[in-house]
Amino acid sequence: MDSMQLVTPAIGLMFWTVVIFILLLLILKKFAWKPILKAVDDRNNSIKEALSSAENAKKEMEQLTADNDKILSEARVERDSIIKEAREIKDQTIAEAKSKASEEAEKIISSAKKQIKNEKMKAMTELKNEIADISIQMAEKIIKSELKDGKSQKKLIEADLKNYMN
Amino acid sequence: MFTFSLQKSLFTFAFFALMTTTSYASKSIEEKTETYNPVPSIMHHISDSHEWHFWGEGENSFTIALPIILYTNTLHVFMSSEFHHNEDGHHVVENKGNKFVNFHGKIYLLNNGELTAQFDEHHHVTNATIPLDVSITKNVASMLIGLILLLLLFVVSGLKAKKNNGAPSGLLSFLEPLVLFVRDDIVKPNIGKNYNKFLPYLLTLFFFILINNLLGLLPGSANVTGNIAITLVLSFITLIVTNLSGNKSYWGHIFNPPGVPLALMPIMIPIEIVGIFTKPFALMIRLFANISAGHIIILSLISLIFMAQSGLGDVAAWSLSPVAVVFVLFMDLIEVLVAFLQAYIFTLLTSLFIGLATVEHH
């Protein structure tokens, strides 16, 4: 009889099981399963997002490093070109300065030479004129003195003639 | 019709159960005529009761009285203590003009004018009827404790989950893997993409069975999931949920099984219709039998000590007790495993049935 009772479902117990199970289902659904599963899903999503954003950050970093390298190498190239240009400008300036200086110097020298020449010519002309004057005066004096009498005139002519004869 | 066939199948099962227990009992009676018979005690332990008995006998026992709720023409509510632990039908309780007796754990309503219960030679009450009994029995009380425990555990976890969106901590960190285990390893693989609709039900089912299995292992506790009424309700819910969610191809397989010749249809269709009920029926029996069997084995092992005492004397009882204790300990550990396993299997098979009923073909 006892065993029979064991497998005969009691109505009251079935009723309470239904009530308790449905109560449990309704309360747990609202206050436990939804928030817990939502928290899990949210966490999964945030982890996924964090991972992807980390991946993105890594990519960005790589991009940035690449950009930096590029910029650096560009800067290096620019620096080199600037230095080169500066050197060229310097060389050019120096060369120009040199040529200008030598030109100037030559000009100065040539003008100095010209002046010297002119001065010399002037001096020579003056000297010539002076010498000519002096020579005329002397010749005058000499002639005056030589030709003061006939005898001396004669002697002179003879001497000149003699000179010419030779 | 359904209840009749169900009862018939239950009786078949009961016959089997009866055979095994009586043969066990009769064997022990044959060998040692004065040996302590553990069967009534074991049956008492695994059956539902109107009071929660812990230890002791009669008036000296430690028992928690539970409310008895009966419906005749009016509602009768009184405490089980009014019967004074009398279960042989001799103590009559009068409430609102009706007289009640407790006979072998069942409350009988005495017919009008009767003052005491009368019995025939088969120990049946002859002058009373069984009223609608919705008492808070030991199993109901145990289920309520389970309900409160589950609500405490999960509502607290739910509040915690709502507040904090970082890593789980404390109670939640223990319960969350279990919830995720049910979702990701039981429900998702078996139901497929529509699993979200059934998830609250299946989670509740898993934890309801689990907590009641585990509570049943405590000394002095009730045998909730080893009670046929409770497993019947759970499997009946499975039956309803499965068939209400069944799609066209599910019903097509039942009423027009593909690839079956027309001549076989009259055989196949009834088989398929029976199949609708055998699946949850197997669920009901599996949980009931597993948990009850576990309780019976543990109680039998403990009874060995008393059987040895009554048959072989105190020395034998004392020397057998360490062995029995080790065996009981071993069985208790297995029962913890079974508690998880049966909750898992019930939920898994329910998910599988729902999955089969909702799967989209091609």
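The values are calculated or read from the model by the stated rules, or taken from the named source; none is laboratory data. The shown structure was predicted, so the numbers you read here are calculated from the model rather than taken from an experiment. Cβ: placed from backbone, ideal geometry, glycine included. Neighbour counts: every protein chain shown. To get the accessible areas, we keep the full protein, side chains included, count just its heavy atoms, and leave off ligands, DNA and RNA. Shrake-Rupley method; radii C 1.70, N 1.55, O 1.52, S 1.80 Å.
Scanning segment A:1-37 for residues that are more than 7 Å from chain B (Cβ to nearest Cβ) and among the charged types (D, E, K, R), which turns out farthest from B:Asn139 (Cα to Cα)?
By that ranking, first place goes to A:Lys34.
Report whether or not B:Leu150 is over 30 Å from B:Glu57 (Cα atoms), touching a residue at least 60 places away in the same chain (Cβ under 8 Å), not in a loop (DSSP other than H, G, I, E, B) and not charged (D, E, K, R).
Yes, satisfied.
Among the residues of segment A:119-128, are any open to solvent by less than 90 Å² (accessible area, probe 1.4 Å), at pLDDT below 90 and more than 14 Å from every other protein chain (Cβ to nearest Cβ)?
Among the residues of segment A:119-128, at least one is open to solvent by less than 90 Å² (accessible area, probe 1.4 Å), at pLDDT below 90 and more than 14 Å from every other protein chain (Cβ to nearest Cβ), which makes the answer yes.
So, in segment B:129-160, how many residues would count as being over 21 Å from B:Pro67 (Cα atoms) and open to solvent by less than 20 Å² (accessible area, probe 1.4 Å)?
Qualifying residue count for the region: 4.
Only one of B:Leu110, B:Leu70 is at pLDDT below 90 and either more than 30 Å from B:Ser300 (Cα to Cα) or hydroxyl-bearing (Ser, Thr, Tyr) (or both). Can you tell me which?
B:Leu110
Residues of segment B:256-278 being over 24 Å from B:Val241 (Cα atoms), open to solvent by less than 60 Å² (accessible area, probe 1.4 Å) and part of a helix (DSSP H, G or I), which ones?
Passing the criteria: only B:Met265.
Which of the residues spanning segment B:39-67 are assigned to a strand (DSSP E or B) and hydrophobic (A, V, I, L, M, F, W, C)?
Residues satisfying the conditions are B:Trp52, B:Phe54, B:Trp55, B:Phe62, B:Ile64, B:Ala65.
Take B:Pro200 and tell me if it is surrounded by fewer than 20 Cβ atoms within 10 Å (Cβ to Cβ) and touching a Lys or Arg at 6+ places or on another chain (Cβ under 8 Å).
Here the answer is yes, as B:Pro200 does meet what is asked.
Please go through segment B:36-88 and give me each residue that is farther than 21 Å from B:Gly226 by Cα, in contact with a helix residue (DSSP H, G or I) (Cβ under 6 Å, 6 or more places away or on another chain) and open to solvent by less than 30 Å² (accessible area, probe 1.4 Å), ordered by number.
Hit for segment B:36-88 is B:Ile68, nothing else.
Examine segment B:113-128 for a residue that is touching a helix residue (DSSP H, G or I) at 6+ places or on another chain (Cβ under 7 Å) and open to solvent by 20 Å² or more (accessible area, probe 1.4 Å), and state whether such a residue exists.
No, there is no match, as no residue in segment B:113-128 is touching a helix residue (DSSP H, G or I) at 6+ places or on another chain (Cβ under 7 Å) and open to solvent by 20 Å² or more (accessible area, probe 1.4 Å).
Quick check on my filter: what residues within segment B:188-205 are part of a helix (DSSP H, G or I), away from chain A (no Cβ under 11 Å) and not aliphatic (A, V, I, L, M)?
B:Lys188, B:Pro189, B:Asn190, B:Tyr195, B:Lys197, B:Phe198
Suppose we filter segment B:207-234 for residues that are away from chain A (no Cβ under 11 Å) and out of contact with any strand residue (DSSP E or B) (no Cβ under 7 Å at 6 or more places or on another chain); how many remain?
9
Please work out if B:Ala343 is surrounded by fewer than 20 Cβ atoms within 10 Å (Cβ to Cβ) and within 30 Å of B:Gly246 (Cβ to Cβ).
It is false that B:Ala343 is surrounded by fewer than 20 Cβ atoms within 10 Å (Cβ to Cβ) and within 30 Å of B:Gly246 (Cβ to Cβ).
Being among the polar types (S, T, N, Q), in a helix (DSSP H, G or I) and surrounded by fewer than 20 Cβ atoms within 10 Å (Cβ to Cβ) is the filter here; which residues of segment B:214-247 pass it?
Listed by number, the list holds a single entry, B:Asn243.
Quick grid of which residues meet (1) open to solvent by less than 20 Å² (accessible area, probe 1.4 Å); (2) more than 12 Å from B:Pro38 (Cβ to Cβ):
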residue: B:Leu283; (1), (2): yes, yes
residue: B:Phe288; (1), (2): yes, yes
residue: B:Ile297; (1), (2): no, no
residue: B:Ser303; (1), (2): yes, no
residue: B:Leu312; (1), (2): no, yes
